[in-house]
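Reading through the structure tokens given below for one structure.
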Amino acid sequence: MSILITGVGVVAPNGLGLEPYWAAVLAGRFGLGPVTRFDVSRYPATLAGQIDDFHAPDHVPGRLLPQTDPSTRLALTAAAWALQDAKADPESLTDYDMGVVTANACGGFDFTHREFRKLWTEGPKSVSVYESFAWFYAVNTGQISIRHGMRGPSSALVAEQAGGLDALAHARRTIRRGTPLVVSGGVDSALDPWGWVSQLAGGRVSTATDPARAYLPFDEQAAGYVPGEGGAILVLEDSAAAEARGRHETYGELAGCASTFDPAPGSGRPPGLERAIRLALTDAGLGPEDVDVVFADGAGVPELDAAEARAIGQVFGSHGVPVTVPKTTTGRLYSGGGPLDVVTALMSLREGVIPPTAGVRSVPQEYGIDLVLGESRTAPLRTALVLARGRWGFNSAVVLRRPEPTS
Amino acid sequence: MATLLTIDDLRRVLIECAGETDGTDLSGDILDTRFETIGYDSLALMETAARLESRYGVAIPDDVAGRVDTPRELLDLVNGALAEAA
């Protein structure tokens, strides 16, 4: 059984929908700018990847608006687009044959911030009953499942920025256990004042003010990351089931997955990323020589960049494979980061072009990586590796393969 | 005599609290239409009851709100309490 990606839905700061996003990433066009949802001028960090052209009532049923956080509205939109893209009509499929597996890292900050304000100023009776689930990590899975009538095995995964890849891995597992179609991915958003300070508290958010020079993974001047909102939702299917419903076009195959956890600090043992890469390759039945491009995690923090460069070098050798971090244009999207990178990688495989790591200019020689800088690079591509790391030790890797050309 | 709640007041509160259901005409005669039919579940009714309480000062316990089937029943409940208090 192979697991195919048959549809994608993208909600990104530099493109609402797959086509505008892909065009922006190829051109290295940034979706970063000063936060405009509140007065950010007195905060130490001011830049974020905001989705400014999303008008929720155009995309989300009216009945769902009073009960959803911005993150869930984006997730619902991406999921609907992914199903449409996959030409999968949930009403024509069996409800228990469809599942939903999403990742989430932030929950519903904006919604909760507003309800907490009511709690303090008007008392508990003014707090929306919908707060009971609107804040919750599993809410995107739940709302997508309810809206589309998908009653098969469903779950939510939380592993900071690595969680989105873990969700895809668990979607694959769910399909292998007998659910033919699973909607999966991740979307986050936390750009209200409370969400913003919570992100700043992590200590790694860039305080730079030039969007083109704020998030510089693997650059000599790396000094933190820019957070963003959005992500991607994908439709994953068992190849036989996709074939049976007449869906022959696919983006590619989810060929290998692995997740590892870092050892405790001070243990002296190496971080788990290299092991995740090797395990994912083994899972895919491939070797390092089969990988044509790596979509790196790209933390944008010097010691983390060095560790990732080391892991890539250990597996592929010095300058052994092209590496790119297109997420410099969107910011780090937490649970949305991995799935969006997967979409980007699938488009790269389809079109034979690697988008650049926009903004980065100068990579330290000792990193030993072939980072795609400046402009996109054309190359024959068959296999891509996507990496993601989540704060506090999560490492995840997935291997994607281009669909076999039909003969 | 206390100001009584009209169906239009209730309609406004319903939409405020739980949104509008696409494809259902709330502007029509919904007095005896079941909440279920126009897409309002028990959570929507709890939210509506809380809003009615803060706006009209009528306490509707959650278990009572969950048992109300139609806008007419809810109106009678609220207006009965308002009349009693007056």
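A few comments on the model shown:
- Identity of the residue in the range B:73-86, over 17 Å from A:K125 (Cβ atoms) and either within 14 Å of chain A (Cβ to nearest Cβ) or in contact (Cβ under 8 Å) with a residue 60 or more places away in the chain (or both), that ends up surrounded by the most Cβ atoms within 10 Å (Cβ to Cβ): B:L74
- The residues listed here are B:I30, B:I60, B:I7; of these, the one that is farther than 18 Å from A:Q67 by Cα, β-branched (V, I, T) and within 14 Å of another protein chain (Cβ to nearest Cβ) is B:I60.
- When the residues of the range A:98-118 are filtered to those that are more than 12 Å from chain B (Cβ to nearest Cβ) and charged (D, E, K, R), the one that is least open to solvent (accessible area, probe 1.4 Å) is A:D110.
- Restricting the range A:119-132 to residues that are surrounded by fewer than 18 Cβ atoms within 10 Å (Cβ to Cβ) and within 14 Å of another protein chain (Cβ to nearest Cβ), the residue that is nearest to the chain's Cα centre (by Cα): A:S132
- Long-range neighbours under 7 Å by Cβ, at least six apart or interchain, first residue of a type in the set (V, I, T) within the range A:10-29, second assigned to a strand (DSSP E or B): A:V10/A:A232; A:V11/A:V187; A:V11/A:G230; A:V11/A:G231
- Whichever residue in the range B:34-55 is farther than 17 Å from B:L5 by Cβ and more than 9 Å from chain A (Cβ to nearest Cβ) and, among such residues, is most open to solvent (accessible area, probe 1.4 Å): B:E36
- The range A:195-212: number of residues that are among the aliphatic types (A, V, I, L, M) and within 15 Å of A:Q161 (Cβ to Cβ): 1
- Tallying residues that are open to solvent by 60 Å² or more (accessible area, probe 1.4 Å) and in contact with a helix residue (DSSP H, G or I) (Cβ under 7 Å, 6 or more places away or on another chain) within the range B:56-67 yields 3.
- When the test is whether a residue is closer than 29 Å to A:G31 by Cα, free of Cβ contacts under 8 Å to residues at least 24 places away in the same chain and among the hydrophobic types (A, V, I, L, M, F, W, C), A:A201 passes it.
- Residue within the range A:284-291 that is free of Cβ contacts under 8 Å to residues at least 40 places away in the same chain and of a type in the set (D, E) present: yes
Residue-by-condition table, conditions (1) under 20 Å from A:T330 (Cα atoms); (2) out of contact with any strand residue (DSSP E or B) (no Cβ under 8 Å at 6 or more places or on another chain); (3) not aliphatic (A, V, I, L, M):
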position	(1), (2), (3)
A:G203	yes, yes, yes
A:T209	yes, no, yes
A:V226	yes, no, no
A:E243	no, yes, yes
A:Y251	no, no, yes
A:S259	no, no, yes
A:A264	no, yes, no
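- Within the range A:342-361, the set of residues being under 14 Å from A:V386 (Cα atoms), outside any loop (DSSP other than H, G, I, E, B) and touching a residue at least 60 places away in the same chain (Cβ under 8 Å) comprises A:V342, A:V343, A:T344, A:L346, A:M347, A:L349, A:I354.
- Taking the criterion of being open to solvent by 40 Å² or more (accessible area, probe 1.4 Å) and in a loop (DSSP other than H, G, I, E, B), the residues of the range A:148-157 that qualify are A:R151, A:P153, A:S154.
- Boolean, A:V363 is open to solvent by 30 Å² or more (accessible area, probe 1.4 Å), in contact with an Asp or Glu (Cβ under 7 Å, 6 or more places away or on another chain) and not small (G, A, S): yes
The values are calculated or read from the model by the stated rules, or taken from the named source; none is laboratory data. Here the structure is a predicted model, which means the values were calculated and not measured. Backbone-built Cβ (ideal geometry, glycine too); neighbour counts: all protein chains shown. Just the protein is used for accessible areas: all its heavy atoms, side chains included, with ligands, DNA and RNA removed. Shrake-Rupley method; radii C 1.70, N 1.55, O 1.52, S 1.80 Å.
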